[in-house]
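The values are calculated or read from the model by the stated rules, or taken from the named source; none is laboratory data. Values in this document were obtained by computation on a predicted structure and should not be read as measured data. With ideal geometry, Cβ positions are generated from the backbone for all residues, glycine too; neighbour counts draw on all protein chains shown. For the accessible areas, the whole protein counts, side chains as well, though only heavy atoms, and no ligand, DNA or RNA atoms are used. Shrake-Rupley method; radii C 1.70, N 1.55, O 1.52, S 1.80 Å.
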Amino acid sequence: MLIYAMQRIGLSILICLTSMCLLFAALQAIPGDPATVMLGPRATPEMIDRMNHELGRDKPVFLQFTSLVGNVVRGDFGTDILSKRPVRDQILENLPYTLVLIGVGLGWAALLAIPLGCYSALKRGTWIDRLTGILSVGTISIPSFVVAIYSLLLFSVQLGWFPVIGAGEDGNIRDQFWHLVLPSFAVGLGWVGYLARIVRSSMLEVIGENHIRTARAFGLPEPMIVLHYALRIAILPTVTLIGLGIGGLLSSAVFAESIFARPGIGSLIVEAAKMRNYPVVQGAVLSTVALFALAMPISDLIIAWLDPRVRSNF
């Protein structure tokens, strides 16, 4: 198990390094001088030279990349060129909002989709199964930003049930939860369909296996067979999908945070990109990559914990 964990962590580190290389190459390939873009057309040559020095762009490309890697390893993402604050502090301030949004959106989607997919598999071919399939495909096909816009117009502007923008008053848990309802709905709605279809397909495979027939032959209660013997195996692809889907959740969070004017990593990236604030964009993007790379080994270790067959290979 320890060897398996080390392998997954090593793969995550490789993903982070590869993403860092691609991000650095993309920033280098941007036409024009970033310092000139950030300072505007009235910038003097002295101002441009000073900005390039602050950004480290006056060094050779290889030294710029090694400096970037060394700084990221130390947790130093640079300094905001506008506010002169460390980028790391801004990321730490906004990251909890994004994590809460993703966690709540994915949590309610899983709590709804897993029983729905399981029940649909047990009622295969009935009108319940067909209705579940229609609802699943419908939720998958609706983009998250469309859900966010129309839920904002309907439930906030027209009906006035939920707040329009913001994340709620600091320290007021009830107000913060009330501000979180619609953004988490927009982020998680599409995942109801994904997870329900995966659980249904997995359950249909598992309930036909020999150990399920054996459990039924011994007269075990059907709820016990479904929950303890079938669902425990059928849930494994869902855990993998959740781990791989963190990137999609982060992109959905960008739209939700922008539409509902919530603080978060997505809003930070959008605002920094508008101002051509490259250190903030670079640091925020790398932090999202780290989140994705961290979610993958966690999901793999959960699968290894649930499935003894994975542990037996190491």
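Figures for the structure shown
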{"read-out": "Val164 vs. criteria among the β-branched types (Val, Ile, Thr), in contact with a helix residue (DSSP H, G or I) (Cβ under 6 Å, 6 or more places away or on another chain) and not in a helix (DSSP H, G or I)", "value": "yes"}
{"read-out": "Filter pass, Leu286 being out of contact with any Ser or Thr (no Cβ under 8 Å at 6 or more places or on another chain) and farther than 30 Å from Arg213 by Cβ", "value": "no"}
{"read-out": "The listed residue being open to solvent by less than 10 Å² (accessible area, probe 1.4 Å) and under 30 Å from Ser83 (Cβ atoms), out of Ala253, Ala196, Ala234", "value": "Ala253"}
{"read-out": "Residues that are of a type in the set (A, V, I, L, M, F, W, C), in contact with a helix residue (DSSP H, G or I) (Cβ under 6 Å, 6 or more places away or on another chain) and open to solvent by 40 Å² or more (accessible area, probe 1.4 Å), drawn from the stretch 115-148", "value": "Leu116, Ile140, Phe145"}
{"read-out": "Odd one out for Arg276, checked against (1) open to solvent by 30 Å² or more (accessible area, probe 1.4 Å); (2) at pLDDT 80 or above; (3) among the basic types (Lys, Arg)", "value": "(2)"}
{"read-out": "Qualifying residue in the stretch 123-130 (condition: within 26 Å of Met275 (Cβ to Cβ) and among the acidic types (Asp, Glu))", "value": "no"}
{"read-out": "Residues (small (Gly, Ala, Ser) and over 20 Å from Leu101 (Cα atoms)) located in the stretch 262-281", "value": "Ala272, Ala273"}
{"read-out": "All positions within the stretch 180-229 that are assigned to a helix (DSSP H, G or I), over 22 Å from Ser144 (Cβ atoms), free of Cβ contacts under 8 Å to residues at least 60 places away in the same chain and among the hydrophobic types (A, V, I, L, M, F, W, C)", "value": "Val206, Ile212, Ala215, Ala217, Met224, Ile225, Leu227"}
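So that you can scan it fast, the table gives a plain yes or no per residue for (1) touching a Ser or Thr at 6+ places or on another chain (Cβ under 6 Å); (2) under 30 Å from Lys123 (Cβ atoms); (3) hydroxyl-bearing (Ser, Thr, Tyr):
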position	(1), (2), (3)
Ala148	no, no, no
Val157	no, no, no
Phe162	yes, no, no
Ala167	no, no, no
Ile173	no, no, no
Gln176	no, no, no
Val187	yes, yes, no
Val192	yes, yes, no
Arg197	yes, yes, no
